[in-house]
Structures are given as C-alpha cells and as structure tokens.
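For reference, the structure is listed below as structure tokens.
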C-alpha cells in the first residue's frame, strides 16, 4: 500500500511541476524575447537556433522543477508515514549488498 501511495504522490507532484514549469518557461521566454515561445519545431516564424535555445532552456527548467517537486514529495511522504519511500529503501539495500560484496572481494 505504501508503494502505491508514494507513486500517486509522485505522479501528482510531477503533473503540478510540469504545469508550473510551462508557466515559468513561457514567462521567461516572453520576458527575454518579447514574443510567444515556439509551439512546434516546424514553426516558420522561428529560426532553428531559437527553437533549439527554447528546447534547451525549457528542458532545463522542467527538469529542475520536476526534481524539486519529487524531493518535496519524498520529504512529505517521509514526514507523514514515518519512514523513507520504498525506492529509497531498495536503493539502500542495494548499496549495502554492494558494499558487502566489495568487502568479500577485498578479503579474497
């Protein structure tokens, strides 16, 4: 049950981050250029350079918003449930197993 709740929380936070990133990207583009952002890579109103710059900047903004939202969702999950999210538990177990295997190899 905890895994499902965490997945729902991540999904909701991802959707919210996507919407916020789109607004931030559009506002940034309007501020920087004074016009609307490119809608499609085939839009004849924008040069290839403008489309490329927009794609890079919007991807960076979206990635940052998504990472921040997921981090905050994980913090919220940890506070409300009293334990870390299931993916973190799996990662910790995997890391512990790898360290144990590395120690065995080092002894041999």
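Just so it is clear, none of the values below were taken in a lab; they were calculated from the coordinates. What you are looking at is a predicted structure, and each value in this text was computed from that prediction instead of being measured. All Cβ positions, glycine included, derive from the backbone under ideal geometry; neighbour counts span all protein chains shown.
Things to note:
- Packing-based exposure ordering (other Cβ within 10 Å, fewest first) of 66, 71: 71, 66
- A straight chain from residue 7 to residue 31 at 0.36 nm per residue would run longer than the Cα-Cα distance by 5.1 nm.
- Angle in degrees between helix 86-107 and the longest Cα principal axis of the chain, rounded to the nearest 10: 60 degrees
- Euclidean distance between Cα centres, the stretch 1-29 to the stretch 76-95, Å: 20 Å
- For residue 47 and residue 24, the FRET efficiency from 1/(1 + (r/R0)^6), where r spans their Cβ atoms and R0 equals 30 Å, is about 0.85.
- Angle between the chain longest axis and helix 2-33 axis [Cα atoms, degrees, rounded to 10]: 30 degrees
- Extension gain from residue 75 to residue 98, taking 0.36 nm per residue of separation minus the Cα-Cα distance: 5.7 nm
- For the chain, the longest principal axis of the Cα atoms and the long axis of helix 48-81 meet at an angle of about 40 degrees.
- Mean shadow area of the stretch 2-107 over all directions, Cα convex hull, nm²: 10.6 nm²
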